[in-house]
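Student: If you scroll down you'll find the structure; I have some questions about it.
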Amino acid sequence: MDKRLWWYLGVGLVVALIAAGVLSGFAADDPDGLERVAIDEGFNETAEDHALADSPLADYAVEGVEDERLSTGLAGVIGVAITLVVAGGLFSGIRLYGKSRRAKDTS
């Protein structure tokens, strides 16, 4: 790949990690849009936890980390890493599939 493309991807990754790891700690504690509507319309008391409510990254926090800002930042960085791995795997698979189809078509 072109050197400029690697530089662009690297800068994008650093920006995503900073946004997820640092800036997420400054997010407002106010309810998000869906929660706000539920509160305003009076049906927030009927809400139930979802199936993943006990997962290690539930509620934008890492289970077991007491510092709220650090916990939120770690959850963001872990989310970026998971997204990068999944997207990288998908794109690699698509690329290999395309190469194998081209090789099959030329033979």
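Just so you know, all these numbers are worked out from the coordinates, no wet-lab data involved. Keep in mind that what you see is a predicted model, and the values were worked out from it rather than measured. Neighbour counts are summed over all protein chains in view; Cβ atoms, including those assigned to glycine, are modelled from backbone coordinates with ideal geometry.
Student: In whole Hz, what ³J(HN,Hα) sequence does segment 80-85 give by Karplus (6.51, -1.76, 1.60; θ = phi - 60°), x for Gly and Pro?
Tutor: 4, 5, 4, 4, 5, 5
Student: About the Cα centre of segment 3-106, what is the dipole size in debye to 20, counting +1 per Lys and Arg Cβ and -1 per Asp and Glu Cβ, all else neutral? Walk me through the numbers before you get to the answer.
Tutor: On the way: 9 positive and 16 negative charges, 377 e Å.
Taking the Cα centre of segment 3-106 as origin, the dipole is about 1820 debye.
Student: Along segment 61-68, what does the Karplus equation 6.51 cos²θ - 1.76 cosθ + 1.60 (θ = phi - 60°) give for ³J(HN,Hα), rounded to whole Hz, x for Gly and Pro?
Tutor: Couplings: 8, 9, 4, x, 9, 6, 5, 4 Hz.
Student: If you don't mind, there's one more thing I want to ask. Using all Cα-Cα distances in segment 3-106, what percent lands in each 10 angstrom bin from 0 up to the longest?
Tutor: Taking every Cα pair in segment 3-106, the percentages come to 13, 27, 28, 18, 10, 4, 0.
Student: Exposed loop GluC sites (Glu not before Pro) only (DSSP loop, at most 11 other Cβ atoms within 10 Å): please give the longest stretch of the chain free of them, not including the sites.
Tutor: Working: sites that count: Glu48, Glu66.
Looking at the chain, 1-47 is the longest stretch - no exposed GluC sites (Glu not before Pro) with at most 11 other Cβ atoms within 10 Å.
Student: Give me the angle, in degrees from 0 to 90, between the Cα long axis of helix 3-21 and the longest principal axis of the Cα atoms of the chain, rounded to the nearest 10.
Tutor: Compared with the principal axis, the helix lies near 10 degrees.
Student: Please list, in order along segment 22-28, the HN-Hα scalar couplings obtained from phi with the Karplus expression 6.51 cos²θ - 1.76 cosθ + 1.60 (θ = phi - 60°), rounded to whole Hz, x for Gly and Pro.
Tutor: Values, residue by residue: 10, 5, 5, x, 9, 5, 5 Hz.
Student: Then there is this: Please arrange Thr83, Thr72, Thr106 by how many other C-beta atoms lie within 10 Å of their C-beta, fewest to most. Can you show the working numbers first?
Tutor: Working: Thr83 12, Thr72 22, Thr106 6.
By the 10 Å Cβ count, ascending: Thr106, Thr83, Thr72.
Student: Let me ask something else about it. With a cut-off of at most 15 other beta carbons within 10 Å, and DSSP calling the residue loop, which chymotrypsin sites (Phe, Trp or Tyr not before Pro) in segment 20-101 qualify? Please list them. Can you show the working numbers first?
Tutor: On the way: sites: Phe26, Phe43, Tyr60, Phe91, Tyr97; in loops: Phe43.
In loop regions of segment 20-101 (DSSP not H, G, I, E or B), the sparsely surrounded chymotrypsin sites (Phe, Trp or Tyr not before Pro) are Phe43.
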